[in-house]
Structures are given as structure tokens and as C-alpha cells.
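The structure appears below as C-alpha cells.
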Amino acid sequence: MSDLENLVEALIFVSQEPVTLERLQAVLEGVPAADIRAAVDALAAGYEEGGRGIHIVRAGGGWLFATKPAHDREVRRLLQIERRSRLSPAGLETLAAIAYRQPVTQSEVSAIRGVDSTGALKTLLEKKLVKIVGRKKAPGSPLVYRTSDEFLLYLGLDSLDELPSEEEIARILEEEKAADA
């Protein structure tokens, strides 16, 4: 393993949140982005090939260490962590509306869903899956919501670009409907 790989490994290991390429470049002054990316790729490959209990994952716009899913039950037991509470159908609908239409106000989310979204929005704020990003220049100056970095981590996404498109979702639903028929 190269010195750069060792250093990048240490930086990812000590970080409490995903480490972005930009952050690594700022810390590793003068090291080209391509070299940093190659070091991360080599590390990630080494962890996958080595049959280890941890790996490097890309999420939230950067890289972080995570335990492999196969060890989830035992890790949660050791750390005495309850399983993440699942979102209710209303919470999932509200989160999807925000993710696909952001930035969006509460009344816009409620109009998309066809029901009041106050409770679901409050839950999403408490779970830090969405955040308030300002006020809309409209009567009453309503709050404007967006998904948070925690949303990306929760879903294991690197960016919003990884969300399936509306066309992909429609195709999947059609395939499921055809399979059930």
C-alpha cells in the first residue's frame, strides 16, 4: 500500500462524516484529485477483496467506512442500537415529494399528496432527513424544505442524481403489475 493510500485511509477512518474529494484535496495540499481518487479506489478494492468486516462506501457526496451488511445484527447488538425506525407510508410519501420537487413548501407537498403533510413533515425534520432552507417569496412567506445530507446517508446515496427517474419508477411499477397479473 502506498503512503498516499495509508494517509487517505487514516483520514477517512477518523472522519465523523463522509469525506469529500474537495476536503481531501484541501488537507492533502498539492496532491492531484486523480491521485486521491485512485488511492480511494485502491483502498476500496483492497477492502472488498480482503474479505474484511468493513468496507469503504461512497455516500453523502464523499467516502466513509461502514460495516458490511452481513454483520449488521451483531454490530447493533454490541452497540446496543435499536433498528432504525421505519418511516410510515405518509412519511415516505412526503419524503419522496420533497426529494423529487425540492425546494418545496409544506402546502406544495400537501397538494402533491392530496392530504395535510404537517405531521409527516415534522417527523422528517426530527429525523433530520429534511431541512428548512429559507422562505418562499409568496404571501405568508412559507418555509421552504429540501432533503438533507442525512437523507443521502439514510438511503445510501451519493447524490440526488442517483434517485430513480420518474420514468424508471413507472417502468418498474408496470413490470410488477404485469408480473402480478
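Things worth noting here:
- Some residue of the stretch 49-66 being within 19 Å of GLY156 (Cβ to Cβ), of a type in the set (Lys, Arg) and part of a helix (DSSP H, G or I): no
One line per residue, one yes/no per condition, for (1) within 20 Å of GLU9 (Cβ to Cβ); (2) among the basic types (Lys, Arg); (3) in contact (Cβ under 8 Å) with a residue 24 or more places away in the chain; (4) in a loop (DSSP other than H, G, I, E, B):
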{"position": "ALA38", "(1), (2), (3), (4)": "yes, no, no, no"}
{"position": "ALA42", "(1), (2), (3), (4)": "yes, no, yes, no"}
{"position": "ALA45", "(1), (2), (3), (4)": "yes, no, no, no"}
{"position": "ARG77", "(1), (2), (3), (4)": "no, yes, no, no"}
{"position": "ILE81", "(1), (2), (3), (4)": "no, no, no, yes"}
{"position": "GLU93", "(1), (2), (3), (4)": "no, no, yes, no"}
{"position": "ALA111", "(1), (2), (3), (4)": "no, no, no, no"}
{"position": "ALA120", "(1), (2), (3), (4)": "no, no, yes, no"}
{"position": "PHE151", "(1), (2), (3), (4)": "no, no, yes, no"}
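- Within the stretch 55-69, not a single residue is within 28 Å of LEU124 (Cα to Cα) and more than 20 Å from the chain's Cα centre (by Cα).
- For the stretch 141-181, the set of residues classified as at positive phi and modelled with pLDDT of 90 or more consists of SER141 only.
- Of residues in the stretch 1-34 being surrounded by 15 or more Cβ atoms within 10 Å (Cβ to Cβ) and acidic (Asp, Glu), the one farthest from PHE65 (Cα to Cα): GLU5
- Only one of the listed residues (PRO103, PRO142, PRO89, PRO69) is loosely packed, with under 13 Cβ neighbours inside 10 Å, out of contact with any Cys (no Cβ under 7 Å at 6 or more places or on another chain) and over 30 Å from GLY51 (Cβ atoms). That residue is PRO89.
- Note on the stretch 165-179: residues that are surrounded by 10 or more Cβ atoms within 10 Å (Cβ to Cβ) and not basic (Lys, Arg) amount to 9.
- TYR100 vs. criteria out of contact with any Lys or Arg (no Cβ under 9 Å at 6 or more places or on another chain), hydroxyl-bearing (Ser, Thr, Tyr) and touching a residue at least 40 places away in the same chain (Cβ under 8 Å): yes
- Among (1) acidic (Asp, Glu); (2) closer than 30 Å to GLU126 by Cα; (3) in contact with a His (Cβ under 7 Å, 6 or more places away or on another chain), the one test that GLU17 misses: (3)
- Just so you know, in the stretch 75-86 the residues that are surrounded by 10 or more Cβ atoms within 10 Å (Cβ to Cβ) and among the aliphatic types (A, V, I, L, M) include one that is modelled with the highest pLDDT, and it is VAL75.
The values are calculated or read from the model by the stated rules, or taken from the named source; none is laboratory data. Not measured: the values here are computed from a predicted model. Heads up, the Cβs are rebuilt from the backbone with ideal geometry, glycines too, and the neighbour counts pull from every protein chain shown.
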